[in-house]
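See structure below.
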Amino acid sequence: MILVGGENLIDFIEADDGRFTANLGGGPFNIAKALARQGQKVGYLTPVSTDQMGDRLAADLLADGVQLLAPRSKAPTSLALVSLKNGQPSYQFYRQKTAERQVSTTMLNRIIPSRATAFQLGSLALTSGKDADVWAQMYRALHKRGVFTALDPNIRPDFIKNRRKYMARLEWILPKTDLMKLSDEDLGWLDPKRELEAAATHLRAKHDLPLLVLTLGAEGARAFTSLGNFSVPAPKAEPFIDAVGAGDTFMGTLLAQLSEAGLLTRAALKGADEPQLRRLLATAAKAAALNCQTSGCNPPSSAELKRL
């Protein structure tokens, strides 16, 4: 089972006429959906609210086959306002004392199954608060148990009020990371003094990451390993609607592909060659392009990926 930790929320996405429509979202929520739609057994560790919006979030995950491992919470659902400019999203978040932040070490230890093979973490879950420290501690603990660890920071700079604390938390878990995905914007914020390729090379080597993937939007993605780096192109999204959830779809698909290829261990991933990794990243890029052909995050299924 692949475990996913991090926020679930309602995205209010701006339409062309200025109106906002409610969509189910949150980076880890989207990744869990992408994994499940592509045939993976997925356990979602984050509490979902018992309010009306939480019922929609829970029903959506269950419909795709995701197992809700955490007990539901009476706290309200987190919200995000998503404004679009040329199809690219910007975000405002409202998540004080909400359901997805009601996590504790005791609760997570109680619900985490012994058969877990991988743990995906990221996005707002690591930004601030006691819950961020709980997630970081659990990430390190699972890595110590031999669980494959995957990190997608999905950085929202406006939401990070204390850069020093955030960077310290990230530096604490990076040495325990097997797979890391960053967007070009993420990496530019993390290491503004270096060019992107130099920054990615430095980050991968510093923390001995078996695989670091840098997504570049319409320019595709670049993979960094101990053997070197290479690029894969991005298929054109026709029609292009918006890029909401494209990175989440990429990450979920990449994890699913690694699982199918038997590469969800640190040793196996370190031993993978470029042609094999190139095929997996190309599939993830195709899934992200398909997602961009719909409004909001709508990851493709395995069958849809195989048809195209």
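The values are calculated or read from the model by the stated rules, or taken from the named source; none is laboratory data. Computed from a predicted structure; not experimentally measured. All Cβ positions, even for glycine, are placed from backbone atoms using ideal geometry, and neighbour counts span all protein chains on display.
A few comments on the model shown:
- Some residue of the range 210-221 being aliphatic (A, V, I, L, M), within 20 Å of the chain's Cα centre (by Cα), over 15 Å from SER231 (Cβ atoms) and surrounded by fewer than 21 Cβ atoms within 10 Å (Cβ to Cβ): no
- Taking (1) closer than 20 Å to ALA132 by Cα; (2) among the β-branched types (Val, Ile, Thr); (3) buried (at least 21 other Cβ atoms within 10 Å of the Cβ) in turn, VAL42 satisfies each apart from (1).
- Only residues that are surrounded by 15 or more Cβ atoms within 10 Å (Cβ to Cβ), modelled with pLDDT under 95, of a type outside the set (Phe, Trp, Tyr) and farther than 21 Å from LEU254 by Cα were counted across the range 130-165, and they come to 2.
- Options SER73, SER90, SER114; residue that is under 19 Å from the mean Cα position of the chain (by Cα) and small (Gly, Ala, Ser): SER90
- Restricted to the range 5-24, and to residues there that are at pLDDT below 90 and touching a Cys at 6+ places or on another chain (Cβ under 9 Å), the residue that is surrounded by the fewest Cβ atoms within 10 Å (Cβ to Cβ) is ASN23.
- Any hit, the range 158-170, residues being of a type in the set (A, V, I, L, M, F, W, C), under 23 Å from LEU263 (Cβ atoms) and either touching a helix residue (DSSP H, G or I) at 6+ places or on another chain (Cβ under 9 Å) or in contact (Cβ under 8 Å) with a residue 24 or more places away in the chain (or both): no
- Where strands (runs of 3 or more DSSP E) sit wholly within the range 1-43, those with at least 3 residues that are more than 11 Å from the chain's Cα centre (by Cα) occupy 9-14, 20-25.
- Flag for GLY296 being surrounded by 19 or more Cβ atoms within 10 Å (Cβ to Cβ), part of a helix (DSSP H, G or I) and either free of Cβ contacts under 8 Å to residues at least 12 places away in the same chain or in contact with a Gly (Cβ under 8 Å, 6 or more places away or on another chain) (or both): no
- Of all residues in the range 228-273 being in contact with a helix residue (DSSP H, G or I) (Cβ under 9 Å, 6 or more places away or on another chain), modelled with pLDDT of 90 or more and assigned to a loop (DSSP other than H, G, I, E, B), the one that is surrounded by the fewest Cβ atoms within 10 Å (Cβ to Cβ): GLY262
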